[in-house]
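Right, one structure below, let's go through it.
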Amino acid sequence: MDLWKDIVEGWWYQLKWSNDDAIQVFQNITNADSDFSSMMKWLKDALTKLPQSYGNILLFNALTALRPEEAIQSIKILHNNELDNYLKDNTILEHYKYPSIFIRQTKKPYISVVNQTILVIARQAGDHSYTALRLLIKRLQ
């Protein structure tokens, strides 16, 4: 029990606790409208409607689990050919090397594991802003 208390209270783990209503959190998790298959259905539908340069941003975002703005910044880094500093062994994107973009108070993505298919998707993604992507999706709905 002391070990768990040390982990919870220890500053080095940087654990954060939310004050969300437990019932609301449970309902959000079990909501059929926000489950994985619903998300995949929405993504597939969006990919059929969006130009490929925009759709690839969403696809890269889903495959890396980055926040939308982080996915766009990651794509920009890849487009700028900063591969020597960012891509390790053609399989790991080292986000921690860009702390001003990726390291925040919550959800710190230190790395993303990728393969050649994901890298091709990123290379074929357009140089669009998150706002432009969001507005296009809203307009096409």
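Each reported figure results from applying straightforward, stated rules to the coordinates on display, with no laboratory input. Nothing here was measured: the structure is a model prediction, and the numbers come from that model. Note that each Cβ is placed from the backbone with ideal geometry, even for glycine, and that neighbours are counted across all protein chains shown.
Within the range 41-61, what residues put their amide N at less than 20 Å from the label point 7 Å along the Cα-to-Cβ vector of residue 139? Label zone hits: 45-59.
Within the range 35-94, the GluC sites (Glu not before Pro) that combine a DSSP coil assignment with at most 16 other C-beta atoms in a 10 angstrom radius are 82. Values of log10 I(q)/I(0) for the range 36-140 across q = 0.17 Å⁻¹ run -0.77, by the Debye formula with one identical scatterer at each alpha carbon and no solvent. Modelled label positions at residue 62 and residue 84, each set 7 Å beyond Cα in the direction of Cβ, lie 3.6 nm from each other.
Expressed in nm to one decimal, what extension gain is obtained for the pair residue 35 and residue 132 from 0.36 nm per residue of sequence separation less their Cα-Cα distance?
On the way: separation 97, 0.36 × 97 = 34.92 nm, distance 2.61 nm.
Full-extension gain reported as 32.3 nm.
Which far-off residues, 5 or more places away or on another chain, put their amide H under 5 Å from the one on residue 111, with H placed in the peptide plane? Under 5 Å from the amide H of residue 111: 95. The peptide list 109-120, 49-60, put in order of mean Cβ contacts within 10 Å with the highest first, becomes 49-60, 109-120.
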